[in-house]
1. Where is the GNM fluctuation largest for the chain (alpha-carbon springs, 10 angstrom cutoff): Ala26, Ala125, Ala220?
2. Can you figure out the FRET efficiency of Arg126 with Asp44, using R₀ = 25 Å and their beta-carbon distance, to the nearest 0.05?
3. Show me the GluC sites (Glu not before Pro) within region 279-339 that DSSP assigns to loop and that have at most 12 other Cβ atoms within 10 Å of their Cβ.
4. Mind checking which lysines have their C-alpha under 24 Å from Lys189, skipping anything on the same chain fewer than 8 residues away?
5. With a point put 7 Å past each Cα toward its Cβ, work out how far Arg137 is from Gln328 in nm, to one decimal.
6. So which GluC sites (Glu not before Pro) in region 124-159 are both in a DSSP loop and have at most 12 other Cβ atoms within 10 Å of their Cβ?
7. Restricting to lysines 8 or more places apart or on different chains, can you count the pairs in region 217-333 with Cα atoms under 29 Å from each other?
8. How far is it, in nm, from the label point at Asp269 to the one at Arg53 when both lie 7 Å from their Cα along the line to the Cβ?
Amino acid sequence: YGKKMSKSKGNIVEPSEIINKYGVDAVRWYFYTVNPPGEPKNFDEADVQLVLRQFFLILYNSFKFYEMARSTGSHSSLSLRAHPSESKTGQASSHVLDRWILARLNETIRDATDNLEKYEIGAAARSIEVLIDDMSRWYIRRSRRRPEMQETLGAVLLEISKVIAPFAPFFGDVLYLSTTRTGGLDGLKSVHLEDWPKADVSLIDAELIQNMKKVRELAALALAERAVAGIKVRQPLAELKIKTAELKDEPEFMEILKGEVNVKEITVDENMDKEVCLEVEITPELREEGLVRELIRLVQSLRREAGLNPRDKINLYIHAPGMAEMFQRHSKVLGEEVGAPQVEFKQTDKFDAELSTKIGGTEIWIGLRRAKD
């Protein structure tokens, strides 16, 4: 098995140092997933760091997004719901993204359960890793503009706290109690007093999961064409052509693909030589929309710099002599997007945060201050 570890040779690893640096749950998860139990392990601290960054921090940031969404919306308790597929009204969510993440959740619970019963600990943990990645990098990213998604996200996080509990007992318990904010469901004070979740096979829609997988594959190909053309995703484009006809009669999935690639239309052409073809010509109208979106991004960044919450309203000031007329045409949309009931096209010294930069090669100054209640 290689060289023996010896303190005198200086090739040992102090467990307490690694635990203090990365947390005991990250170390546990690393050993569960690095290779099958019983096999020799070549310890690499960099891999523990990856576990912390690519699993625990992604899950933590997903919870922080949920907490922010909950603070700006409904404060209903998750403990009132009988099933994670139900909203606070007791009605199952009908949005395709909500149905998809619930299908993936129950698929993962089923697979993790089957693997644990076969003592395949690593396979069970890795299936949970894929779910966390799907939740963060697709479900949350494509759903963040839907206030109603917080109900489904909260329910999913609650079930995740249960499935990770045997692997990461401390993180699982904190996630459980933080998500419920009620001292646990039915008064339970710890996730470790909960039953192991049972998969609802009626929610595991294989066709839905496959269609979403296809959407993500097509989106990746289209975004790669954007990158080759040097066009930022914030810049709207006119059309995306796809070869596959699988999604032709699936408008929900087509809308998700349009939003991810940022195109106005998607058409199907089964005679194409490649899977996707992106129209990269930018008309004056599309360019104008792209510049407005860039301005919105800058204002949102400035809001965060000023320490504002999403629900805080602002007074927005814009000084852009070369583009003022264009931005004025979009002032209503701009104000709605950034929470600014009042948008003035002038420079002022009364601001909480300011930014001088360029948009489309033109100098622009942005200032904002929190609006009075």
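The values are calculated or read from the model by the stated rules, or taken from the named source; none is laboratory data. Nothing here was measured: the structure is a model prediction, and the numbers come from that model. Neighbour counts run over all protein chains shown; Cβ positions are idealised from the backbone, glycine included. For accessibility, only protein heavy atoms count, side chains too; no ligands or nucleic acids. Shrake-Rupley method; radii C 1.70, N 1.55, O 1.52, S 1.80 Å.
1. Highest fluctuation among the options: Ala220.
2. After rounding to 0.05, the efficiency reads 0.90.
3. Those that pass, being in a loop and sparsely packed, are Glu281.
4. Straight-line reach from Lys189, under 24 Å: Lys64, Lys88, Lys162, Lys198.
5. Distance between the two pseudo-spin positions: 4.6 nm.
6. Here no loop site has a sparse enough neighbourhood.
7. Pairs that pass both the separation and distance tests number 22.
8. 4.1
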